[in-house]
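Here is the structure we will look at, set down as structure tokens.
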Amino acid sequence: MLHVFSINNQAVSLDEREQYVLSESEKAVLYQQLSQETATQVVILSTCQRFEVYIEATGAIQTQVKEILRAFFGLTPAVFQHQFVEYSSDAALTHLLQVSTGLLAHVLGETQVLGQVKTAYQEAVTYETVTKSFHTIFQSVFRFSKQMHKQTGINDHPVSLSYSAYQFIASKVTTPQTILVLGAGKMGRLFIDYAVKSEHKLIVLNRDQSKLSHLPEAVIRGALADWSAYIASVDIVVSSLELESPLITYQDLEDKEIKRLLLLDLALPRSIESKTQMLPGIELFDLDQLGEIIDKHHFVRRQKATVIMNQITAEVERLKQTLYQQRFDDKRRTQFLFRDQLLTETMADIDRHLPDLKQKQRTIIKHHVKQAVTEALMSNNSEAVSANAFFNTKERDHDQH
């Protein structure tokens, strides 16, 4: 049974959510603890937007996983209950489909999250914490999500956080501005791709200078370490840096005596200290604030999201049937192998004790042994009637040949 532990974004603040953004080494440790101590399938999704752990588990294992997560993050039972929500079975499948199709993203219908779920699944494959049923679930989710994005066109007009940040700037200013972009990772590059088409003056700073070589000549490029030399001369700062602590602090801006500045922090953990907005003339917008502002004018996306949600209900039923059939086929295959092994051993024993049996007699005995073994194996199986008929029909045909 699929079970999900998910951070409750409605109840958890941005400050609290920062502790759940795991480094690669932290993620490796958590994978090891969850897989070795519970012997269950595990996929960990850790992004700037959400933290989720997908497991295959019954009640006892769910409790064990909960204790591991509490210990790993140092949470009391009360805090864990407040910050996490859990989904099981149908609700867990529905939740995973909603996440992957972007229905729970900051920007409704955003396709970037599908790539993040794929990455999480691929990491789990690398850590060898997924087997057949999880392969089926996640591959089906990827197929469905891609199909929904294509059929509904919910993402025909790009509205990633990067593009939304660009649109937000356009709504705030009416004349060309000087924009300082900190970081040229995936989100930073997406923002730059939109901004270079505008009349704004761009300054892009990054630790790895090689990532800036593709930028147009009009874009000023520099080292991230020199950011303080630029900040007093710009109008807007857009940061997508992934840092352990804020790069830009209240004290930095106060020391520079900056009178007017628009700050957009697209990172988590945050790269700009939140109290900078207390300074006169300084405006700061972070992930949560951008998400709230952006979502106000997504009426069309909400309509298309309703269509996707209706399809998700049908997809959950289809996926449940697929998993049920998969379990039945695996069980039947195991029974076939066991029955055939038992039959081979039994017939060998009969041949030793009754070496003079004629072929016809041997065939009759073999048929009855098969029938008896099949009935014994299937007597406690809810699919006994159909499976028994399948076994006997198939093997009777085989004997006649």
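Here are a few things to note about the model shown:
- The range 2-155: equivalent-ellipsoid semi-axes (sqrt of 5 x gyration tensor eigenvalues, Cα, Å): 24, 18, 14
- For residue 84, the residues whose amide H sits under 5 Å from its own are 8, ignoring neighbours fewer than 5 places away on the same chain, with H placed 1.01 Å from N.
- Based on Cα contacts under 8 Å between residues 6+ apart, the range 161-297 shows a relative contact order of 22 percent.
- For the range 34-75, the Rg and Dmax computed from alpha carbons only, in angstrom: 10.5, 30
- When its C-alpha radius of gyration is set against 2.2 N^0.38 Å (N residues), the range 256-317 gives a value of 1.74.
- Computed over the alpha-carbon pairs of the chain, the distance histogram in 20 Å steps reads 22, 42, 22, 10, 4, 0 percent, short to long.
- Measuring gaps between exposed loop sites in the chain (GluC sites (Glu not before Pro); DSSP loop; at most 15 other Cβ atoms within 10 Å), the longest gap, sites not included, is 1-127.
- If you run the Gaussian network model on the chain, springs between alpha carbon atoms under 10 Å, then out of 374, 313, 101 the most flexible one is 374.
- Lysines with Cα under 20 Å of residue 256, excluding same-chain neighbours fewer than 8 positions away: 275
- Per DSSP, loop trypsin sites (Lys or Arg not before Pro) in the range 206-257 with at most 15 further Cβ within 10 Å: 207
- Computed over the Cα atoms of the range 161-297, pair by distinct pair, the Kirkwood hydrodynamic radius stands at 14.9 angstrom.
- Beta bridges assigned by DSSP with both partners in the chain are antiparallel in approximately 40 percent of cases.
- Karplus 3J(HN,Hα) series, Hz, for the range 119-136 with 6.51 cos²θ - 1.76 cosθ + 1.60 (x for Gly, Pro): 4, 4, 5, 5, 5, 5, 4, 4, 7, 6, 10, 10, 10, 4, 5, 5, 4, 4
- The rule of thumb for compact globular proteins, 2.2 N^0.38 Å, goes into the C-alpha radius of gyration of the range 193-270 1.12 times.
- Note: relative contact order over the range 2-155, using C-alpha pairs below 8 Å and six or more positions apart, is 29 percent.
- Evaluated at q = 0.09 Å⁻¹: base-10 log I(q)/I(0), Debye formula over Cα of the range 73-227: -0.45
- Neighbourhood net charge (13 Å Cβ-Cβ; Lys/Arg +1, Asp/Glu -1) for residue 307: +3
- Dividing the mean sequence gap of close Cα pairs (under 8 Å, 6+ apart) by how many residues the chain holds gives a relative contact order of 13 percent.
- J(HN,Hα) series, the range 329-341, from Karplus relation 6.51 cos²θ - 1.76 cosθ + 1.60, nearest Hz, glycine and proline x: 5, 5, 5, 5, 5, 5, 5, 4, 5, 5, 4, 5, 5
- Based on the convex hull around the alpha carbon atoms, the range 126-213 presents an average projected area of 8.9 nm².
- Given 146/331; 132/320; 172/259, the pairs whose alpha carbons are separated by over 20 Å: 146/331
- Alpha carbon centroid spacing (whole Å) that separates the range 32-93 from the range 103-154: 19
- Cβ crowding within 10 Å ranks 121, 324 as 324, 121, fewest other Cβ atoms first.
- Distance from the alpha carbon centroid of the range 228-249 to that of the range 285-361 works out to 49 angstrom.
A short reminder: the numbers here are calculations on the coordinates, not readings from a lab. This one's a predicted model, so the numbers in the text were calculated from it and none came from an experiment. Reconstructed Cβ throughout: ideal geometry from the backbone, glycine too, with neighbour counts over all protein chains shown.
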